[in-house]
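Engineer: The structure's right below; bear with me while I get my questions together.
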Amino acid sequence: MTTPMLPGGSFTLPGTAWTVNRMGYGAMQLAGPGVWGPPRDTDEAIAVLREAVAAGVNHIDTSDFYGPHVTNQIIRQALHPYPAGLMIVTKLGARRGDDKSWIHALSAEELTSGVQDNLRNLGLDVLEVVNLRVGGIMGPAEGSIEEPLTVLAELKRQGFLRHLGLSNVTPLQLAEAQKITDIVCVQNLYNLAHRTDEAFIDELAVQGIAYVPFFPLGGFSPLQSSKLDEAAAALGAKPMQVALAWLLQRAHNMLLIPGTSSRGHLRENLAAAKLEIPAEVMAELEGIGGIAGA
């Protein structure tokens, strides 16, 4: 199967054989409400995955703590045996409590068990890319990540996974990680309204490391949303499409993983890769991050 080339271009992960379309898919929303339990419509979830891959998406972001286990099992049901060229990226570093809470899971035992859970539920012999997620719920927290990353580096050496990335980290933590193993991607909170990582993205671009923003459409204040609405109206597009297109134009190393559980919404997200934002509108959008909530 030859993967179609989506608009928006492609990116090659450093030190790998992987060149992926920059518009990917995030599987978190395939689970039930609160990322817990099965979806309301499993058939639609399967259809979303199959349509995404047929349209050219060859980068799927997931985790076995989504559900837990739900999204990986749906991915396997929908797509296994996986087409050549499909890169599935998963995350470790958390688990779900019985009360649906999110709990750090960074011990050697938890990380090793997490790798095995991902392999089993995805139906894989080896995980292509594993992101170590640290920090808080929405943002990083300084502190050493040597201990958990060393565990994953050893699992990489043993052949359970091929490449490592980081999620919810700072530039200092990246530098610490690179003394232990190669890092192919960083996944942090970033969007038009939340731009703490501006300099970090540019640093990663220089190094050829992919930057994958999570919550690319979240956290806008009413005033910020109104400015985005104005830009979208001027371009004849939907606000979420403009926000995604802005990210693609922001940096060449930006890989997007917008999620949805509906095929209609999926098509709207993929169409954002075709949207070219003129320089004057890009300049207006740049100002959204500096607007105080209202």
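The values are calculated or read from the model by the stated rules, or taken from the named source; none is laboratory data. Because the structure is predicted, anything quoted here is derived from the model rather than measured. Backbone-built Cβ (ideal geometry, glycine too); neighbour counts: all protein chains shown.
Engineer: Please go through segment 79-118 and pick out each residue that is within 15 Å of residue 162 (Cα to Cα) and of a type in the set (S, T, N, Q).
Structural biologist: If the condition is that a residue be within 15 Å of residue 162 (Cα to Cα) and of a type in the set (S, T, N, Q), then 90, 112, 116, 118 are the ones that fit.
Engineer: For segment 122-208, which helices (runs of 4 or more DSSP H) that fit wholly inside it have 2 or more residues that are out of contact with any Ser or Thr (no Cβ under 7 Å at 6 or more places or on another chain) and among the polar types (S, T, N, Q)?
Structural biologist: Helices (runs of 4 or more DSSP H) meeting the threshold: 171-178.
Engineer: Would you mind telling me which numbered condition in (1) closer than 14 Å to residue 255 by Cα; (2) surrounded by fewer than 19 Cβ atoms within 10 Å (Cβ to Cβ) residue 204 fails?
Structural biologist: Residue 204 satisfies all of (1) closer than 14 Å to residue 255 by Cα; (2) surrounded by fewer than 19 Cβ atoms within 10 Å (Cβ to Cβ) except (2).
Engineer: Hey, another quick one. Give me a count of the residues in segment 19-41 that are over 12 Å from residue 70 (Cβ atoms) and either in contact with a Ser or Thr (Cβ under 7 Å, 6 or more places away or on another chain) or small (Gly, Ala, Ser) (or both).
Structural biologist: Of the residues in segment 19-41, 6 are over 12 Å from residue 70 (Cβ atoms) and either in contact with a Ser or Thr (Cβ under 7 Å, 6 or more places away or on another chain) or small (Gly, Ala, Ser) (or both).
Engineer: With respect to residue 242, is the statement that it is out of contact with any strand residue (DSSP E or B) (no Cβ under 6 Å at 6 or more places or on another chain), buried (at least 21 other Cβ atoms within 10 Å of the Cβ) and part of a loop (DSSP other than H, G, I, E, B) true?
Structural biologist: No; evaluated as a whole, the condition is false for this residue.
Engineer: Going by what's in this entry, would residue 8 be described as surrounded by 19 or more Cβ atoms within 10 Å (Cβ to Cβ), over 17 Å from residue 117 (Cβ atoms) and modelled with pLDDT of 95 or more?
Structural biologist: Criteria not met by residue 8.
Engineer: List the strands (runs of 3 or more DSSP E) inside segment 2-113, counting only whole elements, that have at least 2 residues being under 16 Å from the mean Cα position of the chain (by Cα) and in contact (Cβ under 8 Å) with a residue 12 or more places away in the chain.
Structural biologist: Of the strands (runs of 3 or more DSSP E) lying wholly inside segment 2-113, those with at least 2 residues that are under 16 Å from the mean Cα position of the chain (by Cα) and in contact (Cβ under 8 Å) with a residue 12 or more places away in the chain span 10-12, 19-21, 59-61, 87-92.
Engineer: So, in segment 17-46, exactly how many residues are buried (at least 16 other Cβ atoms within 10 Å of the Cβ), out of contact with any strand residue (DSSP E or B) (no Cβ under 6 Å at 6 or more places or on another chain) and more than 30 Å from residue 101 (Cβ to Cβ)?
Structural biologist: Result for segment 17-46: 0.
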